[in-house]
Amino acid sequence: MALTDKKYWKNLRQHAVKTGNFHLSDLFDDEAKRFNDFSLRHGNLLLDYSKQRVTHKTTELLCGLARECDLSAWIEKLYSGDAINNSENRAALHTALRLPEGSELTLDGTNIVDGIHDTLLRVQHIVERVHAGQWRGYSGMPVNTIVNIGVGGSDLGPFMASKALADMRRPEARGLKIFFVSSMDGSQIADRLETFNPATTLFIISSKSFTTIDTLSNANTALQWLRQASGASDEVLYRRHFIGISADSQRMGEWGIPSNSRLELWDWIGGRYSMWSAIGLPIALEIGMDGFRAMLEGAHSMDLHFRETPFEKNLPVMLALVSIWNVNFLNIRAHAILPYDGRLSHLPAYLEQLEMESNGKSVSRNGDEIDYNTCPILWGEIGPNAQHAFYQLLHQGTESVMCDFVVTARRYHDSGNPELQQQHTLTLANCLAQSRILALGDRAIDDDVTAPFFKHYRGNQPSTTILLDELTPYSFGQLIALYEHKVFVQSVIWNINPFDQWGVELGKQMATMLIDPLSGENSQSEFDSSTQGLLQHILKQQRTRS
Amino acid sequence: MKIAVWGEELTAWVTAGALAATGNDVNFVSHSQIKDPITLMGSSIRNEPGLRDLVVNEFEHKRMRFVQDRTALGIQTHILSMNPSQFDDAHDIVSNIASKHDGPLLVINQSHFGVGATDKLQSLLNKRNKQVVAYFAENISEGEALDRFRNPKSLILGCDVPEATLTIESLFRPFSRRVENRFVMSPKEAEFTKLSIIGMLALRIGYINELANLGELLGVDIDVIRQGMGADPRIGRHHLAPGCGFGGNTFPQTLSSLAQLLSQTTESTLMQTVLLENEKQKELPFRKLWQHYACDLHDRKIAIWGASFKPGSASLDAAPSLKVIDAIVAQQAEVRVHDPEANENVQHLYHNSPYVKTITGKYDALKNVDALLVLTEWPEYWSPDFEIMLKQMKTPLIIDGRNIFNRKQIESLGFTYYSIGR
């Protein structure tokens, strides 16, 4: 049955007609205990969705829809390794990466948990060796600069996590500099290489397929730089200055990485769900293996919660359902991610990929064109900075936008620095102030003086606040797993496959076809007049320069 | 004179022994259950030339004895020979001494607590009642500690109370009669002088090492260079031997306190750089080995001659050998260590590592090895039987971290030879 024909979908439509225009300030006036009724807690996270435009009836119907869509059965399929990535006939087992050692999960007759922990142990050995100053480069000096070369899931997750957890840097990692290079055009790597010492630089080449052209171009630039600087043999350079992380060991070998510098990935891990695997090596180098394992434990605790908790009390389920309500019944098509914590500065970029690459689909699992909206447009920025940028639109623009405020209750409490503590208080005050004004508008402040029209705040912009007790590797693991599962729940309701990304393939193919004409060589391909015009202009400009 | 000596450092034992031998009544403060001075000293101090016999003799003649705090606090003259890290303990001791005395007191501080520390201790006492803390700049060094104490080249005393200066000078007269350079200054100036001397020595060593490394790249022999340099009277020949870095206990500690003082007060990184470069220099023999074997030492066997931080000492404090052993072991290669004095300490430190073996005979250590690294210039290594060495070693490769061998001779015998800056 099509989603729009489902009973609860129809009920929600009718319900939206009745309640869709309710203003949040009325909802708060009507229900004194709204926070109690519409907030959930798990572990170190508090999810407050009381500023969403929902009533008890709304959540009841949404949970009904989830049941009607067989969410529980889908969750079981996710955890047990069914090939729910149907277009690629693969499982999506990022939850397995978080299983404690000694657990069992059989896929094609093997207990994959053993392999996962073997790889973790190999990651640990590398981390310990680097931290001990015993990963030696060609000159015998210990490496002190790590460059992660990867793009997409091999970049955004580790980059975001390393920034988020940099406070918890291990003392052994002091003096270690970790950089991320992703851009295809070489501008990041070229700038950086000038400042690095080749004798003490170690490159991590992360690519699930080990064919990603962006990554391999940067890797080749790095190799060439080492060759010129060192005079060492390629064999030595590959062995002492590169670690490969990929699901394709053979390709890593063909590129030159020797077997004991290769870390394994599996095809049942999606790139954007992979920071829990060896792809997370830069995170582990930052916070140590204890920190990395704590992050996995945090995510695992969210996995258990998601699998075992009734929908009404289930954080990822409610986060997803509320978003479904916004997108499909209140017609809100934009979603802002607003961390009130500078450490989470890269969370928006990470979630842009996680949500939009997963659920930016318009074909159902059965291949039918769908007639309802799926993933909204996500964007974001550190909240306090965004206040000086796009909050104007949130408060007084014409677009309805749902917002996620992500903030920590405790920070700097043991720093002994009252100025920083005060800055944290200021940040919290701004976070609470913004979500309150977005919800209530003018009515947030009792002011009987009639304001001029341009000072009017309409309010009624829904938001969710995710409050972490404190940002630790554990709570961070919970936070990211929360969003992963939220995305999954939405995909189940929308009946789409969140684990493929066919929409990014055609561009790669087309780019390949354009290489020849851009190199001035004859090409069989024909292009539209715009492309043709741009091509000609580029070639003309290049000829003039030379 | 009745004296209480506080501290467990080499300086404390040397001072106590030497002063007892010149007729003083020396009370060595110890809380330990161990009542045998030789056991209490520990191996690295015990092996200091001449010290063991001296101390045993002084204990036998009852000019030296162990006392508890309570007894020591009643004494009027005190010597503090403590580790640079023990300033808080020294503070407590001087406070306690103050509480027991109203009349004259003399505390001679010869610990490297940093510039101004003696004045801080003085502030705990009543100077008007002739309670004085002075600073005496000891200049002993491990391996020749007793000789340096008994035959100092100069004497630097930080004391601004004339009566106390007289007392201290008479206490040290048996050793200072032939001293030409005798300086009395304020305690702070004396502390600063001592710190400056140590810094200067480190700079010289650091500089010659830098030159050696550079010379190697440019293809010049550092021995030729340093002879030329040393002939200039403004420079002189001492402390110009390149090698694989310096170690020790108080020397690096004092240097790092100087480095810290400089960086905190004037943002100067000069001494920090010297220390940092010295740490790198310690691994130089490893790097030469690493490069020789194309960055792969897995399953190799490497012999090390000399583990103590300098000849004549069994101490491994900040010794280059530790960094080299750690680096080799991290590559899962076996290390066979020989040291005339420090084998026991090496064994103690690495008893958990299956890769580190200590060997009693220096030639036995070479059995079947892929290389020999010389890290401490013990006299017995200077002229070994090269024929035996060639027979024992699987690969005749020598990495000489102390430049004790003659390159031409050794290469003519068939060895592959690397040294520092030659």
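Observations on the structure shown:
- Some residue of region A:234-250 being closer than 18 Å to B:Ala294 by Cβ and either of a type in the set (Gly, Ala, Ser) or not assigned by TED's automatic domain parsing to the domain that holds A:Gly137 (or both): no
- Qualifying residue in region B:239-261 (condition: over 28 Å from B:Arg287 (Cα atoms), outside the structural domain of B:Arg407 (by TED's automatic domain parsing) and in a loop (DSSP other than H, G, I, E, B)): no
- Tally, over region A:1-33, of residues that are charged (D, E, K, R) and within 28 Å of A:Ile480 (Cβ to Cβ): 0
- Filter result for the condition that a residue is surrounded by fewer than 23 Cβ atoms within 10 Å (Cβ to Cβ), over 22 Å from the mean Cα position of the chain (by Cα), more than 14 Å from chain A (Cβ to nearest Cβ) and at pLDDT below 95, over B:Gln264, B:Gln260: B:Gln264
- Residue that is farthest from A:Ala92 (Cα to Cα), among those in region A:322-376 that are touching a Lys or Arg at 6+ places or on another chain (Cβ under 9 Å) and among the charged types (D, E, K, R): A:Asp341
- Any hit, region B:153-169, residues being of a type in the set (Ser, Thr, Tyr), in a helix (DSSP H, G or I) and more than 30 Å from B:Pro49 (Cα to Cα): yes
- Being assigned to a helix (DSSP H, G or I), over 26 Å from A:Ser463 (Cα atoms) and without any contact (Cβ under 8 Å) to a residue 40 or more places away in the chain is a property that A:Lys18 lacks.
- Any hit, region B:270-283, residues being in contact with a strand residue (DSSP E or B) (Cβ under 9 Å, 6 or more places away or on another chain) and either among the small types (Gly, Ala, Ser) or buried (at least 22 other Cβ atoms within 10 Å of the Cβ) (or both): yes
- For region B:298-339, the tally of residues that are without any contact (Cβ under 8 Å) to a residue 40 or more places away in the chain and buried (at least 24 other Cβ atoms within 10 Å of the Cβ) stands at 5.
For every residue, the table says whether it meets (1) in the same structural domain as B:Ser44 (by TED's automatic domain parsing); (2) farther than 18 Å from B:Ser111 by Cα; (3) surrounded by 14 or more Cβ atoms within 10 Å (Cβ to Cβ).
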position: B:Asn129; (1), (2), (3): yes, yes, no
position: B:Leu146; (1), (2), (3): yes, no, yes
position: B:Pro162; (1), (2), (3): yes, yes, no
position: B:Pro174; (1), (2), (3): yes, yes, yes
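- Test result for A:Ala229, within 14 Å of chain B (Cβ to nearest Cβ), assigned to a helix (DSSP H, G or I) and over 30 Å from the mean Cα position of the chain (by Cα): no
- Residues in region B:375-397 that are surrounded by 15 or more Cβ atoms within 10 Å (Cβ to Cβ), farther than 29 Å from B:Glu48 by Cα and hydrophobic (A, V, I, L, M, F, W, C): 4 in all.
- Residue within region B:364-386 that is over 22 Å from B:Lys323 (Cβ atoms) and either outside the structural domain of B:Ala303 (by TED's automatic domain parsing) or of a type in the set (Val, Ile, Thr) (or both) present: no
- Among all positions in region A:381-398, there is no residue which is assigned by TED's automatic domain parsing to the domain that holds A:Ala433, touching a Gly at 6+ places or on another chain (Cβ under 6 Å) and among the aromatic types (Phe, Trp, Tyr).
- Residues that are closer than 28 Å to B:Gly143 by Cα, more than 10 Å from chain A (Cβ to nearest Cβ) and not hydroxyl-bearing (Ser, Thr, Tyr) within region B:284-312 comprise B:Ile302, B:Ala303, B:Ile304, B:Trp305, B:Gly306, B:Ala307, B:Phe309, B:Lys310, B:Pro311, B:Gly312, listed in sequence order.
- The residues in region B:364-374 that are within 21 Å of B:Ala318 (Cα to Cα) and surrounded by fewer than 19 Cβ atoms within 10 Å (Cβ to Cβ) can be counted, and the count is 0.
- Filter result (under 26 Å from A:Met295 (Cα atoms) and either out of contact with any Phe, Trp or Tyr (no Cβ under 9 Å at 6 or more places or on another chain) or without any contact (Cβ under 8 Å) to a residue 24 or more places away in the chain (or both)) within region A:48-78: A:Ser72, A:Glu76, A:Lys77
- Output for region B:317-333, where each listed residue is at positive phi and within 14 Å of chain A (Cβ to nearest Cβ): B:Gln332
- Meets criteria (hydrophobic (A, V, I, L, M, F, W, C), in contact with a helix residue (DSSP H, G or I) (Cβ under 6 Å, 6 or more places away or on another chain) and either in a strand (DSSP E or B) or farther than 29 Å from A:Met295 by Cα (or both)) for A:Leu40: yes
- The conditions of being outside any helix (DSSP H, G or I) and either within 25 Å of B:Ser308 (Cα to Cα) or touching a helix residue (DSSP H, G or I) at 6+ places or on another chain (Cβ under 9 Å) (or both) are not met by B:Leu201.
- Scan of region B:21-77 for residues that are under 18 Å from B:Arg150 (Cα atoms), in a loop (DSSP other than H, G, I, E, B) and basic (Lys, Arg), ordered by number: B:Arg63
- Qualifying position, being away from every other protein chain (no Cβ under 14 Å) and modelled with pLDDT under 95, among A:Met160, A:Met168: A:Met168
- Those residues of region A:125-136 which are more than 8 Å from chain B (Cβ to nearest Cβ), crowded, with 17+ Cβ neighbours inside 10 Å and either assigned to a helix (DSSP H, G or I) or touching a residue at least 24 places away in the same chain (Cβ under 8 Å) (or both), in sequence order: A:Ile126, A:Val127, A:Val130, A:His131, A:Trp135
- The residues in region A:436-472 that are in a loop (DSSP other than H, G, I, E, B) and either over 29 Å from the mean Cα position of the chain (by Cα) or closer than 14 Å to A:Arg53 by Cα (or both) can be counted, and the count is 15.
The values are calculated or read from the model by the stated rules, or taken from the named source; none is laboratory data. What you see is a predicted model; the values in this text were computed from it and never measured. Neighbour counts run over all protein chains shown; Cβ positions are idealised from the backbone, glycine included.
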